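For reference, the structure is listed below as structure tokens.
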Amino acid sequence: MDINILTDTEAAMLQELIAASNHIVICGHKSPDGDAMGACLGWREYLCSLGKDAVVVLPDAYPDFLHWLPNSEKIVRFDKNQERATKLFQEADLVCCLDFNAPNRVEDMEKALLSSPAKVLVVDHHLQPSFDDASLVVSRPEASSTCELIFRLVWQLGGFESMSRKWASCIYCGMMTDTGGFTYNSTDPIIYFIIGELLTKHIDKDKIYRNVFNNYSSWAMRFRGYIMSQKLNVLDDLHATFYAVSRREMEEFHFIKGDLEGLVNEPLRIKGVKMSISLREDVERDNLVWVSLRSVDDFPCNKVAQEYFEGGGHLNASGGRVNGTIADAIEIAKKAIYAYAELLKK
């Protein structure tokens, strides 16, 4: 099976970029998920195997259930160490932007990223990449995850055989989390070829699953149950659901990052539901609500995200934001659902 994704010209360009660089910064998007984390840490291990000085710099905290990832303790967080992170960007020969399609996805870290004199490599699977001065953009929206792309790059560059179990665990984690345990965006046979190759590195895929999906605190479990029983709005006739979570509720249930990860998928278990919307108030900033959308079949929740929530993403998994109160977000969610009523009813 041919899993190469670069043309010969692109592969040569990537090899040249890496060969010419000694100090490399790898960065992911704000609120990094399993795919961003796995891609950054996996790419770092590959670059280090080539003798490169590579460091992962992320905008902010990542979920508690991803702290087990190999070498995650070496990550530099911009929000905690802005001076060091900015210096790393300034001293870099190459900056690798993984799992995001535009510089503004790193939010407060954007200035440090854009002011870096380094060349830029982009590897991503989101639509419409917009990096004006990147030396090489590897954009494959059809891919299941950025971790899938990292695997295929390392494979094409001849690095797979020397990769470790730790590397494989990072890649598998990212692929697994970005497909909901291989339940969506995962019909391409190449994905399962890759899984088979990762298993040759003796990863414990069942433990990886438990680390990610079975790692909640008792407070998190209570919170998730509370939302499903008390906060979920089900519009049966429109085949859609939404729920809204306030900052006060998060404080009451001792919320930590990651506690509500994946919860937006749960309402899709309801018979007939085609779209689920999660609204969550930012824990620090006023008048900011984070939005997650999930859908099934061919319903385009990415279009809903783009039209109503300043966001976008994939056909069945997207995100966005509302610059307003949680009440504003609820009204916009209702408006969006009713605007797509005919398509939801099909």
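The values are calculated or read from the model by the stated rules, or taken from the named source; none is laboratory data. Bear in mind the structure is a predicted one, so any value in this text is a computation, not a measurement. Cβ atoms come from the backbone with ideal geometry, glycine included; neighbour counts cover every protein chain shown. Accessible surface areas use protein heavy atoms only, side chains included; no ligands, DNA or RNA. Shrake-Rupley method; radii C 1.70, N 1.55, O 1.52, S 1.80 Å.
Results, tabulated for the structure shown:
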item: Test for residue 227: is it of a type outside the set (Asp, Glu) and either open to solvent by 40 Å² or more (accessible area, probe 1.4 Å) or over 30 Å from residue 329 (Cα atoms) (or both); result: no
item: Residue list for segment 107-125, filter: farther than 26 Å from residue 15 by Cβ and touching a residue at least 40 places away in the same chain (Cβ under 8 Å); result: 107, 108, 109
item: Counted residues, segment 1-54 - those being at pLDDT 95 or above and among the basic types (Lys, Arg); result: 2
item: Residue among 179, 183 that alone is within 26 Å of residue 143 (Cα to Cα), under 23 Å from the mean Cα position of the chain (by Cα) and open to solvent by 70 Å² or more (accessible area, probe 1.4 Å); result: 183
item: Which listed residue, of 135, 162, 169, 116, is modelled with pLDDT of 95 or more, surrounded by fewer than 16 Cβ atoms within 10 Å (Cβ to Cβ) and of a type in the set (Ser, Thr, Tyr); result: 162
item: Looking only at segment 19-32, and only at residues there that are open to solvent by 40 Å² or more (accessible area, probe 1.4 Å) and in contact (Cβ under 8 Å) with a residue 60 or more places away in the chain, the one that is farthest from residue 259 (Cα to Cα); result: 20
item: Residue, farthest from residue 341 (Cα to Cα), within segment 213-244, restricted to residues that are in contact with a helix residue (DSSP H, G or I) (Cβ under 7 Å, 6 or more places away or on another chain) and touching a residue at least 60 places away in the same chain (Cβ under 8 Å); result: 215
item: Hits in segment 88-109 (condition: surrounded by fewer than 16 Cβ atoms within 10 Å (Cβ to Cβ) and touching a helix residue (DSSP H, G or I) at 6+ places or on another chain (Cβ under 9 Å)); result: 90, 104, 108
item: Residue, nearest to the chain's Cα centre (by Cα), within segment 267-282, restricted to residues that are of a type in the set (Val, Ile, Thr) and open to solvent by less than 20 Å² (accessible area, probe 1.4 Å); result: 277
item: Complete set of residues in segment 135-194 that are free of Cβ contacts under 8 Å to residues at least 60 places away in the same chain, under 23 Å from residue 269 (Cα atoms) and among the β-branched types (Val, Ile, Thr); result: 179, 183, 187
